[in-house]
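The values are calculated or read from the model by the stated rules, or taken from the named source; none is laboratory data. Keep in mind the model is a prediction, meaning the values are calculated, not measured. In this analysis, Cβ positions are derived from the backbone assuming ideal geometry, glycine residues included, and neighbour counts consider all displayed protein chains.
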Amino acid sequence: MRVAIIGAGVIGLSTALCIHEQYHSLVPSLEMEVYADRYTPRTTSDGAAGLWQPYLSDHGNLQETLWNKETFDYLLGHLGSPAAKEMGLFLISGYNLFTQPVPDPSWRNIVLGFRNLTPKELELFPGYSYGWFNTALMLECRSYLPWLTNRLTQRGVKFFHKKVESFQEVSGDGADVVINCTGVRAGELQPDPELQPGRGQVIKVLAPWVKHFIITHDIESGIYNSPYVIPGSEFTVLGGIYQHGNWNEENSAQDHKTIWENCCRLLPALQNAKIVEEWSGLRPARPWVRLERETVRHGQFQAEVIHNYGHGGFGITIHWGCAMAAARLFGSILQEKKLASLPQPRL
Amino acid sequence: MAAPKVAVVGAGVIGLSTALCITETCPSCSVTILSDQFSPNTTSDVAAGMLIPHTYPGTPIHVQKQWFKETFAYLFAISNSAEASEAGIHLVSGWQVFKNAPKEELPFWSDVVLGFRLMSEAELRKFPQHRFGQAFMTLKCDCPPYLLWLEKRLKATGAQMYTRKVADLWELHSKYNVVVNCAGIGAQQLVGDKELFPVRGQVLKVHAPWVKNFIRDGDGLTYIYPGIHRVTLGGTREKESWSLFPNPGTTKDIFDRCCSLEPSLRGAQDIKVKVGLRPSRRCVRLQREVLSQGGLKLPVVHNYGHGAGGFSMHRGTAKEAARLVGECIAALQGSLSRAKL
């Protein structure tokens, strides 16, 4: 049984690990390969600050809320383990700021210690009259992706530096199952008008006195188009750009100005922060995550494809829940092929 | 008296902040700071500088609360300004956890710090050996940056600073009108205060930049305080111990206790060990005194004995000390006018 994973961002690597962990002992013949044209530190995931936080509204998409919760609980369980540092995983607390009262988010009971901000705390942020404070998690992909890669390498998974042009390319090569974790460029493998880039730009600075994340919200501008400050283990990420439909991966001077001015207004002490790096990336935006099976046929070849892409700006937040769901889809493929004796669901 | 000359003995957080308050309330005063140690070699430099008060058994609670409120408000304003990083002042949130429920449910300072509340069950799960906890946000003054920032502001007012060991306050009589005693633990020798005693604290300062929250055991012995560049791990409270030498057994014990609160600290790098002697007393000695010798008089303002609460109370006690200096100067001017008649 050969499994090809296309894509080596947080989604591709975690899905690979999740499937391998669950099924390699049940399927002794399991061979897994990862194909990607970009590996860490050049994936979209590497540019993200790494804060676990879903969007404000789940638009009634309860499935995604459950996947978010699964991911949070999974990561929380790893916090006390010796692997946490290597994974780039740690607790972090911080603020979400609004110009008017808003309903509590779907994730209020997933994070730790969720509460409203007191008037005294709001004094710190002129222009914002309402907000939340909670403790969440950081998962820095600069560390997490190499950690995943090590776990996979130890398990005998092979990696190939290659731009896959079609599903047929890997299925024709003998892959029985293809896991499509191609993120923003999934449309190149199979057209998907629902998938659009949500371009972001960030400035990485040295500001080690900042210990809390600050995410501001402007209901009119939309998610991530309002300044945010996220302190990591080495750098602090300043952001606040979300441009739907913009494929440009070059840094924009105008966006730099927007980010810098807005973040310095939010946190005056940032004026003295040293700028270390600037980066642009394309969030793989979709109205909802595409996580489903498809049988792809081309001539005499047939492969089972599991799609797992379209995680927008919440890929890290949702990744493990999606990996587990993809693994369940993989399990059902195995059952159909009668390749594994899996416990039957109880009636 | 055209330009009253004030000498401040001591250049830790108390000496420097008191000197600064004096320049604010008495702009015509000439202020000189004399100390055998300056940053980074003061007791203050060893401390984490967390604004979590220590309760003095001998001072009324409403007075301590006022001192803390003033200090908190002063530092809060700096933390929100462009000077925050230079001054080393930053907000930090975290948890104080208890193995047994604390005697008082709400400490006197719970409404001064930000967002004080009880920890949820989910949060307590992270601390399996503890059954009760409080969550809040407070301020941290990193040293040396804070002391260096105070020194810079003092220099801008024209205040002078000299490295000098003052063995007797009377040494200063000929050159200064008022002496302010902020000698900390040095006051034991300097003024023979037998009520002052050291409480030895050993700490580790480590590189662990992923630690963003503070964690403190309510017993006050084990704590993890993330600073700008280093995390302070503590500690000890050894009464009457004068040793400034790090104890390797204690280092291991502190490290183990902190790792049991925060396991990721096992990956901490570059561990530096420091020792400080908290200048402890039942109450802070904050009072005027006129020393007499022969026919000579020397007005003195004492501001020492802050023990474990130096940072938490520094600005509040400095302002009170500056007020007392003002009283000394007024008294001197009064007696000068009388002398003229």
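For the stretch B:236-243, indicate whether the set of residues that are among the acidic types (Asp, Glu), more than 27 Å from residue A:113 (Cβ to Cβ) and part of a loop (DSSP other than H, G, I, E, B) is non-empty. Scanning the stretch B:236-243, I find at least one residue that is among the acidic types (Asp, Glu), more than 27 Å from residue A:113 (Cβ to Cβ) and part of a loop (DSSP other than H, G, I, E, B), so the answer is yes.
What about residue A:140, is it within 14 Å of another protein chain (Cβ to nearest Cβ) and within 24 Å of residue A:37 (Cβ to Cβ)? Answer is yes for this residue. Do the conditions hold for residue B:224, that is, is it of a type in the set (A, V, I, L, M), in contact with a strand residue (DSSP E or B) (Cβ under 9 Å, 6 or more places away or on another chain), under 21 Å from residue B:47 (Cβ atoms) and not in a strand (DSSP E or B)? Spelling it out, it is not the case that residue B:224 is of a type in the set (A, V, I, L, M), in contact with a strand residue (DSSP E or B) (Cβ under 9 Å, 6 or more places away or on another chain), under 21 Å from residue B:47 (Cβ atoms) and not in a strand (DSSP E or B). Is it the case that the stretch B:306-320 has a residue that's within 20 Å of residue B:29 (Cβ to Cβ), touching a Lys or Arg at 6+ places or on another chain (Cβ under 9 Å) and either acidic (Asp, Glu) or surrounded by fewer than 17 Cβ atoms within 10 Å (Cβ to Cβ) (or both)? No, the stretch B:306-320 has no match at all. The set of residues in the stretch B:290-316 that are within 19 Å of residue B:169 (Cβ to Cβ), among the polar types (S, T, N, Q) and either assigned to a helix (DSSP H, G or I) or in contact (Cβ under 8 Å) with a residue 12 or more places away in the chain (or both) comprises B:293, B:303.
When the stretch A:84-103 is filtered for residues that are under 21 Å from residue B:116 (Cβ atoms) and either more than 9 Å from chain B (Cβ to nearest Cβ) or free of Cβ contacts under 8 Å to residues at least 24 places away in the same chain (or both), the ones remaining, listed by number, are A:95, A:96, A:97.
Residues in the stretch A:157-202 that are over 30 Å from residue A:225 (Cα atoms), hydrophobic (A, V, I, L, M, F, W, C) and assigned to a loop (DSSP other than H, G, I, E, B): A:157, A:164, A:175.
Candidates in the stretch A:116-137 are the residues that are among the aromatic types (Phe, Trp, Tyr) and touching a residue at least 40 places away in the same chain (Cβ under 8 Å); of these, the one that is farthest from the other protein chains (Cβ to nearest Cβ) is A:128. The criterion of at least 3 residues that are within 14 Å of chain A (Cβ to nearest Cβ) and out of contact with any Gly (no Cβ under 6 Å at 6 or more places or on another chain) is met by the following strands (runs of 3 or more DSSP E) wholly inside the stretch B:83-167: B:89-98, B:114-118, B:132-141. Looking only at residues of the stretch A:67-83 that are more than 11 Å from every other protein chain (Cβ to nearest Cβ) and of a type in the set (Ser, Thr, Tyr), we find that the one that is surrounded by the most Cβ atoms within 10 Å (Cβ to Cβ) is A:71.
Can we say residue B:28 is assigned to a loop (DSSP other than H, G, I, E, B), more than 30 Å from residue B:126 (Cα to Cα) and polar (S, T, N, Q)? Spelling it out, residue B:28 is indeed assigned to a loop (DSSP other than H, G, I, E, B), more than 30 Å from residue B:126 (Cα to Cα) and polar (S, T, N, Q).
Yes or no: residue B:68 away from chain A (no Cβ under 14 Å) and either assigned to a helix (DSSP H, G or I) or touching a residue at least 24 places away in the same chain (Cβ under 8 Å) (or both)? For residue B:68, the condition - away from chain A (no Cβ under 14 Å) and either assigned to a helix (DSSP H, G or I) or touching a residue at least 24 places away in the same chain (Cβ under 8 Å) (or both) - is met. Looking across A:183, A:222, A:174, one residue alone is more than 14 Å from chain B (Cβ to nearest Cβ) and surrounded by 24 or more Cβ atoms within 10 Å (Cβ to Cβ). It is A:183.
State all residues of the stretch A:23-66 that are crowded, with 22+ Cβ neighbours inside 10 Å and either more than 30 Å from residue A:171 (Cα to Cα) or charged (D, E, K, R) (or both); if no residue qualifies, say none. Across the stretch A:23-66, the qualifying residues are A:47, A:48, A:49, A:50, A:51, A:52, A:53, A:54, A:64. Restricting the search to helices (runs of 4 or more DSSP H) fully inside the stretch A:1-108 and requiring at least 1 residues that are of a type in the set (A, V, I, L, M) and more than 19 Å from residue A:291 (Cβ to Cβ) gives A:62-78, A:83-87.
Number of residues in the stretch A:169-202 that are in contact with a Gly (Cβ under 6 Å, 6 or more places away or on another chain) and hydroxyl-bearing (Ser, Thr, Tyr): the value is 1. Restricting attention to the stretch A:200-219, the residues being more than 14 Å from chain B (Cβ to nearest Cβ) and touching a helix residue (DSSP H, G or I) at 6+ places or on another chain (Cβ under 9 Å) number 5. Per this entry, residue A:48 is counted among residues that are touching a Gly at 6+ places or on another chain (Cβ under 8 Å) and under 29 Å from residue A:209 (Cα atoms).
Among the residues here, residue A:113 qualifies as surrounded by 18 or more Cβ atoms within 10 Å (Cβ to Cβ), of a type in the set (Gly, Ala, Ser), farther than 24 Å from residue A:45 by Cβ and within 14 Å of chain B (Cβ to nearest Cβ). Selection of the stretch A:247-265 for residues being polar (S, T, N, Q) and either part of a helix (DSSP H, G or I) or surrounded by fewer than 16 Cβ atoms within 10 Å (Cβ to Cβ) (or both) yields A:248, A:251, A:254, A:258, A:262. Scanning the stretch A:118-161 for residues that are closer than 19 Å to residue A:4 by Cα and charged (D, E, K, R) yields A:151, A:155, A:158. Taken over the stretch A:217-273, the criterion of being among the polar types (S, T, N, Q) and at pLDDT 95 or above is satisfied by A:226, A:233, A:236, A:243, A:246, A:248, A:251, A:252, A:254, A:258, A:262. For the stretch B:257-286, a residue qualifies if it is buried (at least 17 other Cβ atoms within 10 Å of the Cβ), within 14 Å of chain A (Cβ to nearest Cβ) and not in a helix (DSSP H, G or I), and the qualifying residues are B:262, B:268.
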